[in-house]
Amino acid sequence: MTAQLERLPDAVLAYLEGTAGDGGTLRANEDAWQHWRFRPRVLRDLTGLTASATVLGIPVLAPIFVAPWAGHGLLHRDAEVATAHGAVAGGIGLSVSSGAQRRLHEISEVSGPFLQQIYIPQRRDNIRPLVDAAVQAGAAALLLTVDAPAVGNQLGFRAGLAGLPWTPPVNLPDAEPGTLGTAVDLGPHDIEWLASVSGLPVLAKGIVRADDARRAVEAGAAGVVVSNHSGRQLGGGLATARALPEVVAELGGRAVVLVDGGIRSGEDVVRALALGADAVLVGRPFVRALRDGGTDAVGALAELLVLQTRTTLAMVGAVGVHDVAEDLVRWDGEVAR
């Protein structure tokens, strides 16, 4: 059962579609992928063509994950469990927000290994129950969000939040208002700490610069997520499709690179692979799918993205994700829409 759009409170709608400032970062994210134009190869043997991959130990039919976002329960009574069913049906991976509204073991019973998003609060011990629960539930890696030192300039969302009651995250039942969020002294040392207490690979999520990517990996990160929080934090931010090549060049294959922000199709997935990403995270389209059609719609969207990715691989002359190279795309410098 999905929530009816017209019945959703204004604060919920503002959260689901919220952006920082005038929404320019989100628009830049979506538009920038279209600037990367394909240069397809022809006369290539495509026998055995597949889009399948294994990312951080998780096998998927295409290198696509549902991005982490809190609030699934606002849209479906089964919350993240509903999304997990859809992701599994479509053959893609799942990442889970620290604000999930179902217990992690319930989600992982459906999804199998998943990626767990984490914020590190001022008192580090406050997050340990969530870290321990993620480990016990079979998380394959932790995504440490590093680009949220404050709540971004989403004025409608912030005003709406002021009128909503505090509800502790289900996987942090003892949390109190003000005890979570991002520590003001968050630094590279937190990557090392999080890896040591969890025993899991840690990826720094929210990287758009080469120097920050290098610092994260030197501190022990297994990889990074090139992300600007889907344009929800900072207005005027650099599009992730523009930031990705710089980060990939800096890391030189030494770490896993994921990317999110404005990815809307299988063509965008292949563009990201050509620019050096190992996988993508897709957020808003799955929010809307869960809102409009529940598990079935999530599964249908996942299947469509996998099919589009496979078809695009064929059209550009790549037999698999390992066969995608930078020479398959070129920046055209003009608006492509």
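What to note about this one:
- Rough spin-label spacing in nm, given labels placed 7 Å along Cα→Cβ, for ARG27 and ASP327: 3.7 nm
- Counting DSSP beta bridges with both ends in the stretch 5-331, the antiparallel % (nearest 5): 20 percent
- Choice from VAL135, VAL259, VAL197 with maximal GNM fluctuation in the chain (Cα, 10 Å cutoff): VAL197
- Crossing angle, helix 24-35 versus the chain [Cα axis fit, 0-90 degrees, rounded to tens]: 20 degrees
- Projected label distance in nm at VAL135 and ASP211, using a 7 Å step from Cα toward the beta-carbon: 3.5 nm
- When peptides 180-186, 262-268, 274-280 are ranked by their average number of other Cβ atoms within 10 Å per residue, the highest-first order is 274-280, 262-268, 180-186.
- All other residues whose Cβ lies under 12 angstrom from that of ASP147 are scored, Lys and Arg at +1 and Asp and Glu at -1, for a net of +1.
- The stretch 101-132: trypsin sites (Lys or Arg not before Pro) falling in loop per DSSP and having at most 13 other Cβ within 10 Å: ARG123
- Theoretical ellipticity at 222 nm over the chain - DSSP helices of four or more residues, -39500 (n - 2.57) apiece, nearest 500: -12000 deg cm²/dmol
- J(HN,Hα) series, the stretch 256-262, from Karplus relation 6.51 cos²θ - 1.76 cosθ + 1.60, nearest Hz, glycine and proline x: 6, 10, 10, 8, 9, x, x
- FRET efficiency for ASP174 and ALA314, using Cβ-Cβ distance with R0 set to 35 Å, rounded to 0.05: 0.10
- Modelled FRET efficiency - R0 56 Å, TRP193 with ASP45, Cβ distances, 0.05 increments: 0.70
- Electrostatic tally near GLY294: other residues with Cβ closer than 13 Å to its Cβ, Lys and Arg +1, Asp and Glu -1, net -1.
- Local electrostatic count, VAL202, Cβ distance below 11 Å [Lys/Arg +1, Asp/Glu -1]: -1
- Max mean-square fluctuation residue, GNM over the chain, Cα-Cα springs under 10 Å, options GLY299, GLY112, GLY90: GLY112
- Integer Hz, Karplus 6.51/-1.76/1.60 couplings in order for the stretch 320-327, x for Gly and Pro: x, 5, 5, 9, 8, 10, 4, 6
- Taking GLU250, GLU80 and counting other C-beta atoms within 10 Å, the order from fewest to most: GLU250, GLU80
- Gyration tensor verdict on the chain (Cα atoms; rounded if a/c is under 1.5, prolate if a/b is larger than b/c, oblate otherwise): rounded
- Under-5 Å amide H pairs with GLY235, H placed in peptide plane, nonlocal only: GLY21, ASN153
Only the coordinates and a few stated rules stand behind these numbers; no lab work does. No experiment lies behind these values; they were computed from the predicted model shown. Methodologically, a virtual Cβ is constructed for each residue, glycine included, from the backbone with ideal geometry; neighbour enumeration extends over all protein chains shown.
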